[in-house]
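Below: one structure, written as structure tokens.
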Amino acid sequence: MSFHKIIFTGPVGAGKSTAIKAISDTAVIHTEQQTTDETKEIKSQTTVAMDYGSIIIANNEKIHLYGTPGQKRFSFMWDILSKGGTGLILIIDASEESAIDDMNYYLENFKSLINETAVVVGITKTDLDQKFSLDDFNQEMANQARVFPIFEVDARSPTDIKALVEALLLLLAPALAVA
Ligand SMILES: Nc1nc2c(ncn2[C@@H]2O[C@H](COP(=O)(O)OP(=O)(O)OP(=O)(O)O)[C@@H](O)[C@H]2O)c(=O)[nH]1
Ligand SMILES: [Mg+2]
């Protein structure tokens, strides 16, 4: 059986830890710590090393799910967690003014993994004060002559997050995604 590892990344509070918890078949391993710096204004806990969960998909294949810390000061974990990655799910908070810049920033920082595998983007918090529409994100990528799937999701919704995983698997290995 092959080893499949999907990495969830994106900025602080976008919903990486929430997304992994929403779909994991097993109890999720978190490394949450109290926030102390400017992140305290956004949320009380933040991932400092990683999240880990897993799901079983078609053919009894196990997919390992790793979440990165969003804070840039823990970015040394990004490369460590990317090693051996099967693909990337980028979670972006649409209620932030910086959402388009955030997408570009994480695409740039994970470009080695993306070039070797594939990426799918999940735009969260579209139910809140949304600063950009799905069209804005797609237009930004079109301007850069890049094409990959971008979906509106709620990180708390297992259905939405499973759809992201399915889309990524379809891009990578269609045989894997057929349930
Ligand atoms: N209203 C709303 N809330 C959401 C949505 N998606 C996620 N959330 C909430 O946003 C918060 C996200 O927190 P986390 O999952 O800890 O975020 P994270 O990306 O792991 O953040 P760091 O580990 O600090 O980088 C949680 O309180 C979720 O319930 C959404 O689509 N709408
Ligand atoms: Mg987290």
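Things worth noting here:
- The relative contact order of the chain, computed from alpha carbon pairs under 8 Å that lie at least 6 residues apart in sequence, is 25 percent.
- Average accessible area per residue (Å²) across the chain - probe 1.4 Å, nucleic acids and ligands excluded: 48 Å²
- Using θ = phi - 60° and Karplus 6.51 cos²θ - 1.76 cosθ + 1.60, couplings along segment 78-95 (whole Hz; Gly, Pro as x): 4, 5, 4, 6, 6, 4, x, x, 8, x, 10, 10, 9, 9, 10, 8, 6, 8
- Simple rule: put +1 on each Lys or Arg Cβ and -1 on each Asp or Glu Cβ in the chain, find the dipole, and look at GLY87, ILE56, GLY13; the Cα lying farthest toward the positive end is ILE56.
- Listed values for segment 154-159 are Karplus-derived 3J(HN,Hα) couplings in whole Hz (6.51 cos²θ - 1.76 cosθ + 1.60, θ = phi - 60°), namely 10, 4, 7, 9, x, 4, and x replaces Gly and Pro.
- Built amide H within the under 5 Å cut-off of SER54, gap 5+: ASP25, THR26, LEU65
- Under 5 Å from the amide H of ALA49 lie the amide H atoms of THR31, each residue being 5 or more positions distant or on a separate chain, with H modelled from the backbone and absent for Pro and chain starts.
- When the Cα positions of GLN34, TYR66, VAL121 are compared along the charge dipole of the chain, TYR66 comes out farthest toward the positive end, with charges on each C-beta of Lys, Arg, Asp and Glu.
- Take GLU140: with every protein chain present and a 1.4 Å probe, its accessible area is about 50 Å².
- Of every Cα-Cα pair in the chain, the percent that sits beyond 20 Å: 49 percent
- Close Lys pairs in the chain, defined as Cα atoms under 18 Å apart and 8 or more places apart or on different chains, number 23.
- Using Cβ point charges alone (K and R +1, D and E -1), the dipole size of segment 1-158 about the Cα centre works out to roughly 620 debye.
- Amide H to amide H distances under 5 Å link LYS131 with SER95, GLU96, where only residues 5 or more positions off or on other chains count and H is placed in the peptide plane.
- ARG146 contributes about 80 Å² of solvent-accessible surface, heavy atoms of the protein only, 1.4 Å probe.
- Carbon/sulfur fraction of accessible area - segment 64-129, other protein chains in place, 1.4 Å, %: 47 percent
- DSSP beta bridge pairing in the chain, given as percent antiparallel to the nearest 5: 35 percent
The values are calculated or read from the model by the stated rules, or taken from the named source; none is laboratory data. These figures come from a predicted structure and were not determined experimentally. Every residue, glycine among them, receives a Cβ derived from its backbone with ideal geometry; neighbour counts consider all protein chains shown. These area figures cover heavy atoms from the full protein model, side chains too; ligands, DNA and RNA do not enter into them. Shrake-Rupley method; radii C 1.70, N 1.55, O 1.52, S 1.80 Å.
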